[in-house]
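Quick notes on the structure that follows.
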Amino acid sequence: MTVAKRLKNLEPGKVIEVLTDHQPAADVTLPALANGLGYQFYAERSGDLYRVYITKQ
Amino acid sequence: MLEHFVFSYGFVFVYAVFGIAGFIVGWVAQRGNYCFVNAMSAIFTTKSYDRFGALLILFGTSALATGGLVAFGFIPAVDQYYDNYFSGWYIIVGALIFGFGATMAGGCNLSMLYRAASGYVQNWLELFGMMLGTLIFAIAIWPTQSFTMTNGILSTKEGAYIEYLPYDIFHSVAGWSVGITALAVGVPLVAIGLYLQAKTRRKWASLGIGASAPIVGTTMATPAPALNSGGLPIGGGIPMIKPSSFLGRIRTTDIKNMILLRMPYSVNLSTALLAIALLMVFVSGAGYTFNYLVITSSDGGRFLEYILMPFGVNLALGTPWYNNALAIVDPSVLMVIMLIVGAFTASTLSGDFKIRVPHERKRLVIGFLGGILVGIGVRVALGCNIGMMWTNFAQLGYDGILFLVSMLGGVWLAIKVQQHLV
Amino acid sequence: MSKQSDQRKVFHYRFLIAPIVLLLFAVGWYRFSVVYIQGANLQLVDHSNYSVYVPFQQISAYLQAMRDFTYVTVALALIMFLYFLARFIQFKRMPSANVAANLETSHS
């Protein structure tokens with residue numbers, strides 16, 4: 001929800017980086033959020049953390 | 001307990017099968033990130049019906065499978081409906097409270113357990129809150145609720161065949177009536193589930209998601225995340241690989257990655273495995289015990305009893321509900337213990353295990369308070385999303401529908417509250 | 001040289017501790033069942049509460065099945081411990097920079 005709120009206020013073309021250690025967030029929730037909004041996203045794992053980049057279209 | 005046993009292999013075998021089923025459920029739920037609350041909340045937050053569709057497929061498949069076994073005479077009908085629940089105001093009220101509490105706390109009973117086993121401290125507190133909520137229910141609510149159930153006040157006076165749809169519709173529990181009912185319940189659920197999944201995936205596919213690519217929303221076209229000189233994204237980490245079943249197709253490499261715990265299980269694979277676990281207990285427990293998956297009687301009810309035992313307190317001696325509604329131990333205890341073991345093992349071997357404390361400490365308090373509501377809600381509703389909702393579809397009852405709708409209402413309410421808190 | 005391979009890889013000791021916890025949990029739960037659950041069940045007989053009392057045949061079956069699962073879980077925990085111990089030794093033997101294998105990211 002926090003990410004959705006931040007995305008709402010983000011300018012088009014900007015990228016939001018989400019850092020989480022909750023794997024389902026990176027695998028399910030955030031991709032679903034980005035898909036629902038039609039935004040480009042990329043997810044990667046760095047050790048214990050997951051980084052999800054969502055680009056506001 | 002029924003007077004006859006369907007199969008004569010004895011209680012040890014029944015306990016063993018329940019334990020194995022529990023291990024499977026814990027392992028699969030952890031690997032598949034299977035959460036009923038997330039599936040429902042996704043409808044409202046991200047407009048994704050993929051996981052909710054999987055739930056409907058699970059319910060429909062369960063109804064078809066158990067109904068089929070009864071219709072073809074492998075299992076007597078009485079073993080399908082014997083433990084059918086009462087129905088009344090408490091299903092609706094309890095499911096609403098449960099849906100609200102579980103969403104606030106961070107997970108349904110299944111996800112609470114596997115996340116607790118994976119190291120999520122918030123879910124530990126949700127579990128303790130649930131035990132406390134069960135005690136509050138037992139002392140403050142059960143006497144009144146029990147009175148309404150006994151006297152039929154906005155309630156049926158009994159369960160079993162009264163709640164059994166083949167009997168309600170055809171006034172018969174013969175194979176043909178069970179078979180027709182199972183088809184009438186199961187086929188639409190599976191069809192709607194598949195439709196919702198297809199609808200969601202069509203929408204995603206139209207955005208250009210590569211089935212075999214890392215998790216990207218489109219191909220790496222501009223504007224893309226900034227890349228370093230080596231061509232890797234900013235974080236320099238390992239791209240997450242999405243199973244191609246994300247869009248409905250499974251490749252050989254996906255199967256290999258899932259076996260090696262490099263990739264989460266796809267939602268439909270998880271659904272199929274969970275349905276198999278339900279069937280295992282349905283067949284093995286027939287005539288011996290409540291032959292469905294039950295969680296909250298153990299983790300919410302019995303665990304508190306067990307915690308107090310070393311201190312010389314036996315709740316079963318005098319506390320309402322504990323002293324007449326909850327056997328001191330049954331196969332579901334072993335199922336829940338092995339569920340925790342299965343989830344813990346899966347999370348450790350996959351590298352996912354970590355003690356996780358929320359960044360915002362208030363989430364711990366919300367988790368605990370939500371857990372109390374979960375404990376109250378599941379006991380009022382006579383069960384949780386597993387033991388009441390999912391089970392009731394397999395029992396060919398109608399409480400499952402009531403629970404589903406009410407739980408959706410509770411989830412929606414909680415999301416509205418959370419959106420104000422964010 | 002990619003940024004990824006320049007990173008110092010870390011072995012988290014929790015993966016050595018977790019199997020021990022699992023082993024202790026399994027053994028502890030079995031002992032608890034034998035001592036306290038059985039004891040509480042007998043208390044119900046003493047107080048003539050047969051609503052939630054579990055007959056001897058069933059509780060014996062539970063204890064027997066629980067014992068068998070304890071053996072399996074202990075074996076599983078030991079296998080996991082040895083597996084992570086091997087990885088820990090492998091990690092310790094690696095040079096400090098330009099590590100080729102990542103004990104953590106091999107799971108991704």
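Every read-out reported here was derived from the displayed coordinates using simple, explicitly stated rules and does not represent laboratory data. Worth saying up front: this structure is predicted, and the values here are computed from it rather than measured. All Cβ positions, glycine included, derive from the backbone under ideal geometry; neighbour counts span all protein chains shown.
Structural remarks
- Here chain B is treated with +1 on each Lys and Arg Cβ and -1 on each Asp and Glu Cβ, and its dipole about the Cα centre works out to around 1700 debye.
- Comparing B:146, B:332, B:206 in a Gaussian network model of chain B where C-alpha atoms under 10 Å apart are linked, the largest mean-square fluctuation is found at B:206.
- Pairs from the list B:47/B:256; A:5/B:362; B:362/C:92 with a Cα-Cα gap above 29 Å: B:47/B:256; B:362/C:92.
- Ellipticity estimate at 222 nm from DSSP helix runs (n ≥ 4, -39,500 (n - 2.57)) divided over the protein assembly as shown, nearest 500: -18500 deg cm²/dmol
- Spin-label model, residue C:16 to residue B:171: label points 7 Å out along the Cα-to-beta-carbon direction sit 7.3 nm apart.
- Largest to smallest principal axis extent of the C-alpha atoms in the stretch A:2-55, angstrom: 30, 18, 17
- Listed residues B:91, B:75, B:153, most fluctuating in chain B (Gaussian network, C-alpha, under 10 Å): B:153
- Cut-off under 5 Å, modelled amide H: who pairs with residue A:49 long-range: none
- For chain B, the equivalent ellipsoid built from the Cα gyration tensor has semi-axes of 36, 26, 21 Å, listed from largest to smallest.
- Order by protection proxy (mean Cβ within 10 Å, highest first), peptides B:255-266, B:362-373: B:362-373, B:255-266
- Taking a ≥ b ≥ c as the square roots of the eigenvalues of the alpha carbon gyration tensor, the stretch B:276-404 is rounded, as a/c is under 1.5.
- Using a cut-off of 29 Å between Cα atoms, the listed pairs A:56/B:203; A:8/B:199; A:56/B:199; B:199/B:354 include B:199/B:354 as exceeding that distance.
- Extreme residue, positive dipole direction of the protein assembly as shown, given options A:9, B:74, B:253 (C-beta unit charges): A:9
- Amide H contacts of residue B:85: B:160, each under 5 Å away and 5 or more positions distant or on a separate chain (H built 1.01 Å from N in the peptide plane; Pro and chain starts excluded).
- Among the DSSP helices (H) of chain B, those spanning at least 20 angstrom by Cα along their long axis with an average Kyte-Doolittle hydropathy of 1.0 or more are B:11-32, B:50-71, B:89-105, B:121-136, B:267-284, B:331-349, B:362-380, B:399-421; this is a geometric and hydropathy rule only.
- Label-zone membership for the stretch A:15-56, site residue A:8, 7 angstrom Cα→C-beta point, backbone N under 15 Å: A:37
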